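The values are calculated or read from the model by the stated rules, or taken from the named source; none is laboratory data. If you're wondering where the values come from, they're calculated on a predicted model, not measured in any experiment. Counting neighbours? That spans all protein chains shown, and the Cβs are built from the backbone with ideal geometry, glycine included.
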Amino acid sequence: MPDVDFTLSDILAQLSIWSEPGFIFNIFIYTMLLLNMIAFFMQDDKDLPSTLMLGLVLVLLVISKLAIIDPLSIVSVLINAGIMTAPLIVTGMSRSKKSKPLTLIAGLLGAPYFFLYWWVLQGGIGAA
């Protein structure tokens, strides 16, 4: 078992809007988190796949915000791609008509977040 040495104050400091990876990225993350959480609770009781996908997006957003995964790893790219694509998939397959605009906006916000994250934090094109 790895020795994890962090406290609650470290986690709260990481959740600050001024923490890493930066103010703009945190605005994107918190906006997408809010939209996906509202859409999550708006899902129909019999629409389990949509609910599970939105739950996955919420988990991916928390992982991204807390920087659990190294930003330079390929797993970070996959997490950000999931943040971008899963709400768009839910938009197409959800039965809840009222949640579709929220998931569409969340997915469309995920695209600039994905590309900004890739360009700024991961080095973009030409990163060796």
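Overview of results
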{"read-out": "Test: A111 is crowded, with 20+ Cβ neighbours inside 10 Å, small (G, A, S) and on the phi < 0 side of the Ramachandran plot", "value": "no"}
{"read-out": "Output for region 25-56, where each listed residue is surrounded by 22 or more Cβ atoms within 10 Å (Cβ to Cβ) and touching a Gly at 6+ places or on another chain (Cβ under 7 Å)", "value": "M32"}
{"read-out": "Single residue of region 19-45 satisfying the filter (in a loop (DSSP other than H, G, I, E, B) and over 17 Å from the mean Cα position of the chain (by Cα)) that is modelled with the highest pLDDT", "value": "Q43"}
{"read-out": "Hey, I63 β-branched (V, I, T), surrounded by 14 or more Cβ atoms within 10 Å (Cβ to Cβ), at pLDDT 95 or above and part of a helix (DSSP H, G or I) or not", "value": "no"}
{"read-out": "Region 45-56 residues that are of a type in the set (A, V, I, L, M), paired with ones that are at pLDDT 95 or above (beta carbon under 6 Å, 6 or more apart)", "value": "M53/A86; M53/V90; L54/N36; L54/A39; L54/F40; L54/V90"}
{"read-out": "Qualifying residue in region 85-98 (condition: among the β-branched types (V, I, T), under 20 Å from N26 (Cβ atoms) and under 14 Å from the mean Cα position of the chain (by Cα))", "value": "no"}
{"read-out": "Breaking point among (1) in contact (Cβ under 8 Å) with a residue 24 or more places away in the chain; (2) buried (at least 20 other Cβ atoms within 10 Å of the Cβ), for P71", "value": "(2)"}
{"read-out": "Filter result (in contact with a helix residue (DSSP H, G or I) (Cβ under 6 Å, 6 or more places away or on another chain) and more than 18 Å from L48 (Cα to Cα)) within region 83-104", "value": "I83, M84, L104"}
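Conditions (1) out of contact with any helix residue (DSSP H, G or I) (no Cβ under 6 Å at 6 or more places or on another chain); (2) of a type outside the set (S, T, N, Q); (3) touching a residue at least 24 places away in the same chain (Cβ under 8 Å); (4) closer than 22 Å to S94 by Cβ, marked per residue:
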| residue | (1), (2), (3), (4) |
| --- | --- |
| S9 | yes, no, no, no |
| L15 | yes, yes, yes, no |
| W18 | yes, yes, no, no |
| P21 | no, yes, yes, no |
| N26 | yes, no, yes, no |
| M32 | no, yes, yes, yes |
| N36 | no, no, yes, yes |
| A39 | no, yes, yes, yes |
